[in-house]
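These notes are about the structure you will find just below.
Here, each number is a calculation from the coordinates, and none is a lab measurement. Quick caveat, the model's predicted, so the values are computed rather than measured. Reconstructed Cβ throughout: ideal geometry from the backbone, glycine too, with neighbour counts over all protein chains shown.
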Amino acid sequence: MSWILISLAMGLGQTVPESAHVVWSLEFDRANDERGVEFGGDIATHQATAQGLVMDTVGSDPITYLPEFRIPTSPYQALEIVYECSRVGQGEIFYAHDRNTEYNGFSGAKQINVSFARTDGPTTMTLWPFWLQAPELIQLRLDPPAGVRFVLHAIRIAEVPVRMYQRAGGRPTTVRLGLIYHYARVLLTLLTRASRRRATSRAAQQRAPRSAQPAAVPPSAKVSTVEEAR
C-alpha cells in the first residue's frame with residue numbers, strides 16, 4: 001500500500017523525499033562532456049556546457065539515448081528530470097530491460113508520455129516508476145519535444161527507503177499457530193453458511209404446494225360414454 005501512495009504522490013508532481021538515495025544519475029555540469037549520450041537525427045544541435053546539455057530539436061521525433069546502466073527495479077523508485085524548455089511540448093521516456101525488440105529493447109509498451117512546461121530556469125519533473133513489469137533497467141531513452149531548445153541539467157533514479165516499525169502492542173494473528181487457527185475459522189464459517197443455504201433451499205421446496213393434476217379418465221369409461229350416446 002505504501003508504494004501506491006508514493007507513486008500517486010510522485011504522479012502529482014511532488015518531489016522525492018530527502019531521505020531517498022540516488023541509485024543512478026547523469027549530471028550535466030561540465031563543458032564538452034555529454035556523458036555518453038547519443039543523439040537521433042531530429043536533434044539539430046547539441047552541446048554540453050557547465051549549465052547543462054543544450055539541444056535544439058527539429059522534425060517530429062527527436063531522440064536521445066542515455067548511456068547503458070544496470071539496476072534492479074523497485075516500486076519505491078522515482079525518476080527525476082531537471083530541465084529547461086523554451087515552450088510547452090510533449091515528450092516521451094522509454095526504458096529497456098533487454099534487447100529483444102525491433103528497436104534494440106525499446107517499444108511503445110515500454111514508455112510514458114510526459115508534458116514539459118515552458119520554464120525560465122531549471123525545473124524538476126518527478127515521475128512514478130512506470131517500469132515495474134521489468135526485473136531490471138539497462139537503458140533509458142529521452143525524447144524531448146520537437147521544435148524547442150531543451151536543456152537537460154540532470155536525470156536520476158532515486159529510491160525511497162522503506163521504514164518498518166516494531167509492533168507497539170497486541171498479538172498478531174499471522175504467526176504460526178495463530179495463522180492456522182485464523183484460516184481454519186474462516187473455512188469453517190464458509191462451510192457452515194453453505195450448508196445452511198442448502199438446508200433452507202430443501203425446506204422451501206418441501207413446503208411449496210404441488211400443482212393440481214387433472215385426474216386421468218380410464219379408457220373403459222370413455223368407451224362406455226360413447227356407447228351410451230349411441
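For this structure, a couple of remarks:
- Positive-pole candidate from GLY89, SER107, THR73, dipole of region 72-118, charges at beta carbon: GLY89
- The charge dipole of region 33-118, taken about its Cα centre with unit charges on the Cβ atoms of Lys, Arg (+1), Asp and Glu (-1) only, comes to about 220 debye.
- Under the simplified labelling scheme, the ASN32-ALA184 pair shows an inter-label distance of 7.7 nm, with each label point 7 Å from Cα along Cα→Cβ.
- Rg over Rh [alpha-carbon atoms, Kirkwood Rh] for region 2-159: 0.94
- Taking GluC sites (Glu not before Pro) across region 28-109, the ones in a DSSP loop with at most 10 further Cβ atoms lying within 10 angstrom of their Cβ are GLU102.
- Cα centre as origin, Lys/Arg/Asp/Glu Cβ charges: region 2-159 dipole, Debye: 180 debye
- Annotation note: trypsin sites (Lys or Arg not before Pro) in region 72-136 located in DSSP loop regions with a Cβ neighbour count of at most 13 within 10 Å are ARG87, ARG99, ARG118.
- If R0 equals 30 Å, the separation of the Cβ atoms of PHE130 and ARG198 corresponds to a calculated FRET efficiency of about 0.05.
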